[in-house]
Amino acid sequence: MIEAINEAMRQEMERDPRIIVLGEDVGENGGVFRATDGLLAQFGEGRVFDTPLAESGIIGTSIGLAINGMRPIAEIQFLGFVYQAMDQLAAQAARIRFRSAGRFSCPIVVRSPYGGGVRTPELHSDALEALFTHSPGLKVVMPSNPYDAKGLLISAIRDEDPVLFLEPMKLYRAFRMEVPEEPYTIPLGQARVVKEGDDVTIIAWGATVPLADKVAAEMGAKGVSAEVIDLRCLQPLDIDTIITSVEKTGRVMIVHEAVKTGGFGAEVAALISERALFSLSAPIVRIAGYDTPYPVPSVEDDWLPNAERIAEGIETLLRY
């Protein structure tokens, strides 16, 4: 995934001279995970540059650049650091098109790694996507594999509105897959059916998608047919794909890393209840992080959704 993200930025910068990359350590160091490796050497310090450790300044500068015709790709080094930039994102970037009655847009991409399972210190692993789905005007993208990461990032860069592109750290180098060398796009707001099934629908995004797919395969060996949906984008949300699946299976599980209360899974569950209540054969099950701050590394494996919790949730659904 890290190579796919790097290639997407490089190819888009070759295509459009208005695209610039800024953030902490994105230049000479190539980013803390090397997502921007080689971009400074190819495009120069006028288009790839390091910033001070000031997230509000990174996003505020990007907004001004975007309004004046540039297309910034800003990196927040870890998503837990984004609190410092909430005013710039939610009160400025998200509202510019609305506030100006369409006179201005804010075509920025804010990239940020998130998620657990990699033993990081405090404020490095938090999954905070729900904060931004609650801010109209922002688009939220969360890929789960290299192919989607490249296609979705190119679409995000070409979009005329602000996009948060949240990258699961655990998947940066978890596996490889074939990715076309040429640029391509994946429409924002189009979910992917990872695996078709008839007994239960598992809805996931980011790092929980490969986990859900693995458990679905294991349950398949026991005769359980699980359908797995990768949302890919939380905003805009492909509700039609979700409802089609729910109407087929009648049982729903939602899996995400963020804390359960107020997580985006609650919004998905509410939409399903509004649109497909009488298709449900069982209460909706949510498998998520617990309602605590993200824990210390020694216990994070128990805090995060895992195969055992997902399998138990499926068995609960099937008892109805």
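The values are calculated or read from the model by the stated rules, or taken from the named source; none is laboratory data. None of the values given here were measured: they were computed from a predicted structure. Note that each Cβ is placed from the backbone with ideal geometry, even for glycine, and that neighbours are counted across all protein chains shown. Heads up: the accessible areas ignore ligands, DNA and RNA and are worked out on the full protein's heavy atoms, side chains in. Shrake-Rupley method; radii C 1.70, N 1.55, O 1.52, S 1.80 Å.
When segment 86-120 is filtered for residues that are among the polar types (S, T, N, Q) and touching a helix residue (DSSP H, G or I) at 6+ places or on another chain (Cβ under 6 Å), the ones remaining, listed by number, are Q88, Q92, S105, S112. Checked against the criteria, V82 does not count as part of a loop (DSSP other than H, G, I, E, B) and either open to solvent by less than 30 Å² (accessible area, probe 1.4 Å) or modelled with pLDDT of 95 or more (or both).
Within segment 146-156, does at least one residue satisfy the condition of being of a type in the set (D, E, K, R), under 14 Å from the mean Cα position of the chain (by Cα) and within 30 Å of N306 (Cβ to Cβ)? Yes, segment 146-156 contains at least one residue that is of a type in the set (D, E, K, R), under 14 Å from the mean Cα position of the chain (by Cα) and within 30 Å of N306 (Cβ to Cβ).
Taking the conditions exactly as written (within 30 Å of E160 (Cβ to Cβ), touching a Ser or Thr at 6+ places or on another chain (Cβ under 8 Å), without any contact (Cβ under 8 Å) to a residue 40 or more places away in the chain and open to solvent by 20 Å² or more (accessible area, probe 1.4 Å)), does T185 satisfy them or not? Here the answer is yes, as T185 does meet what is asked.
R34 meets each of the listed conditions (1) in a loop (DSSP other than H, G, I, E, B); (2) open to solvent by 40 Å² or more (accessible area, probe 1.4 Å); (3) at negative phi apart from (3). L65 falls short of the stated requirement of being crowded, with 22+ Cβ neighbours inside 10 Å and within 19 Å of L138 (Cβ to Cβ). All told, L53 falls short of being of a type outside the set (V, I, T), more than 21 Å from E129 (Cβ to Cβ), touching a residue at least 12 places away in the same chain (Cβ under 8 Å) and buried (at least 18 other Cβ atoms within 10 Å of the Cβ). Being crowded, with 17+ Cβ neighbours inside 10 Å, of a type in the set (A, V, I, L, M, F, W, C) and out of contact with any Ser or Thr (no Cβ under 7 Å at 6 or more places or on another chain) holds for only one residue in A41, A93, and it is A93. Selection over segment 150-168 of residues that are open to solvent by less than 10 Å² (accessible area, probe 1.4 Å) and either touching a Ser or Thr at 6+ places or on another chain (Cβ under 8 Å) or of a type outside the set (D, E, K, R) (or both) gives a count of 13. Residue check: is S105 small (G, A, S) and either open to solvent by less than 10 Å² (accessible area, probe 1.4 Å) or in a loop (DSSP other than H, G, I, E, B) (or both)? Yes. Considering segment 108-127, the residues that are out of contact with any Ser or Thr (no Cβ under 6 Å at 6 or more places or on another chain) and within 27 Å of M70 (Cα to Cα) include one that is surrounded by the fewest Cβ atoms within 10 Å (Cβ to Cβ), namely S112.
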